[in-house]
Amino acid sequence: MAEMPRSGSGLFEGLVERAAAAGPPLPCAVVHPADAASLSGALEAAARGLILPILVGPAARIRQAAAEAGLDLGSLPIEDVPHSHAAAARAVALVHEGRAAALMKGALHTDELMQAVVAHEGGLRTERRVSHAFVLDVPLYHKPLVVTDAAINILPDLEQKADIARNAIDLCRALGLEQPKLAVLSAVETVTPRLPATVEAAALSKMAERGQIEGGLVDGPLAFDNAINADAARAKGLTGPVAGDADILLVPDLEAGNMLAKQLQYLSGAEAAGVVIGARVPIALTSRADGMRARLASCAVMRLGAAMRLRKHGAS
């Protein structure tokens, strides 16, 4: 298995190159790309060999946005629907029709897209809980760092956290890690009933030990400092392989994850790619504030995740 690119300025470019070499471009429904940022991201991902875009949204608005930004849509197919809610529903339908093998968020709210994805009737649910992961290139950390879940599951319970862990481990394996190290975060590294997150972290660690969570090493509870800093881990007497060297940070809840990821971006200069995992197809989930490199990296992570899913489950 190829190694995951090292953290640093070449991380995201390395992911893009690997994803482009992973196979033919992925047919991808770009949901409501009615602004310059989402259109240019889709076009650049297509130019780099990552996706074959199918633009889903109001055709007149898409063409107007392209014209105002000086973008050439060429012969890209457009699925004309009246608004963003309809675009999300139509994009999901394209997956069921076999025309799309991935989704990419455009200029709509995350909850609009995810409502269509997780719908009980006609959605893209699997046996797994759907979750979100940030893949972060943090300048002061020695390797890529995944934070999950920071966008979808608000207050996940133990069973849901187990699926979030499985999804993140699978994602890291798709990115080239043989045995990802997952730290289950809390405020402290000791188990105390007064902090339910510590109890659930310990349960997740034991579940992994018993084979209920496979493919990675899981340890918790760990505080943030002793999950990512070897000196801090040693000072607390933590000697396991995860402490101080985590690849994945599983957070207690969405608010903690969202604040952590954004602090790493805006105070530590981290770049972030976002992807939704656990659905029938991977979903590139970017913020409207994201730049081109983040959008390309999100497509690359999505593409690599789809390639691994195909290897595991076959064309069906």
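The values are calculated or read from the model by the stated rules, or taken from the named source; none is laboratory data. Model, not experiment: these values are computed from the prediction. Cβ: placed from backbone, ideal geometry, glycine included. Neighbour counts: every protein chain shown.
Structure summary
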| item | result |
| --- | --- |
| Search result, residues across the stretch 119-170 that are over 24 Å from Val95 (Cα atoms) and of a type in the set (Gly, Ala, Ser) | Ala150, Ala162, Ala165 |
| Options Ile228, Ile248: the member that is in contact with a Phe, Trp or Tyr (Cβ under 7 Å, 6 or more places away or on another chain), crowded, with 21+ Cβ neighbours inside 10 Å and in the same structural domain as Ala151 (by TED's automatic domain parsing) | Ile228 |
| Pick from the stretch 15-36, criterion among the small types (Gly, Ala, Ser) and under 17 Å from the mean Cα position of the chain (by Cα), ranking: modelled with the lowest pLDDT | Ala19 |
| Output for the stretch 17-47, where each listed residue is in a helix (DSSP H, G or I) and of a type in the set (Asp, Glu) | Glu17, Glu44 |
| Test result for Ala235, closer than 16 Å to Glu189 by Cα, crowded, with 20+ Cβ neighbours inside 10 Å, out of contact with any Cys (no Cβ under 6 Å at 6 or more places or on another chain) and assigned by TED's automatic domain parsing to the domain that holds Leu171 | no |
| Any hit, the stretch 160-177, residues being farther than 24 Å from Met259 by Cβ, β-branched (Val, Ile, Thr), modelled with pLDDT of 95 or more and in the same structural domain as Ala261 (by TED's automatic domain parsing) | no |
| Residue match in the stretch 86-96 (condition: in a loop (DSSP other than H, G, I, E, B), surrounded by fewer than 17 Cβ atoms within 10 Å (Cβ to Cβ) and assigned by TED's automatic domain parsing to the domain that holds Ala29) | no |
| Residues of the stretch 260-293 that turn out to be assigned to a helix (DSSP H, G or I), touching an Asp or Glu at 6+ places or on another chain (Cβ under 7 Å) and buried (at least 21 other Cβ atoms within 10 Å of the Cβ), as a count | 0 |
| Boolean, Thr198 is over 24 Å from the mean Cα position of the chain (by Cα), free of Cβ contacts under 8 Å to residues at least 24 places away in the same chain and more than 16 Å from Ala150 (Cα to Cα) | yes |
| Leu71 vs. criteria surrounded by fewer than 20 Cβ atoms within 10 Å (Cβ to Cβ), out of contact with any Asp or Glu (no Cβ under 7 Å at 6 or more places or on another chain), in contact (Cβ under 8 Å) with a residue 12 or more places away in the chain and assigned to a loop (DSSP other than H, G, I, E, B) | yes |
| The stretch 265-276 residues that are not assigned by TED's automatic domain parsing to the domain that holds Gly14, paired with ones that are surrounded by fewer than 20 Cβ atoms within 10 Å (Cβ to Cβ) and among the aliphatic types (A, V, I, L, M) (beta carbon under 7 Å, 6 or more apart) | Ser268/Leu140 |
| Residue tally, condition closer than 16 Å to Ala202 by Cα and either in a helix (DSSP H, G or I) or small (Gly, Ala, Ser) (or both), over the stretch 213-242 | 7 |
| Residues of the stretch 49-65 satisfying the condition of being of a type in the set (A, V, I, L, M), in contact with a Pro (Cβ under 9 Å, 6 or more places away or on another chain) and without any contact (Cβ under 8 Å) to a residue 60 or more places away in the chain | Leu52, Ile54, Leu55, Val56, Ile62, Ala65 |
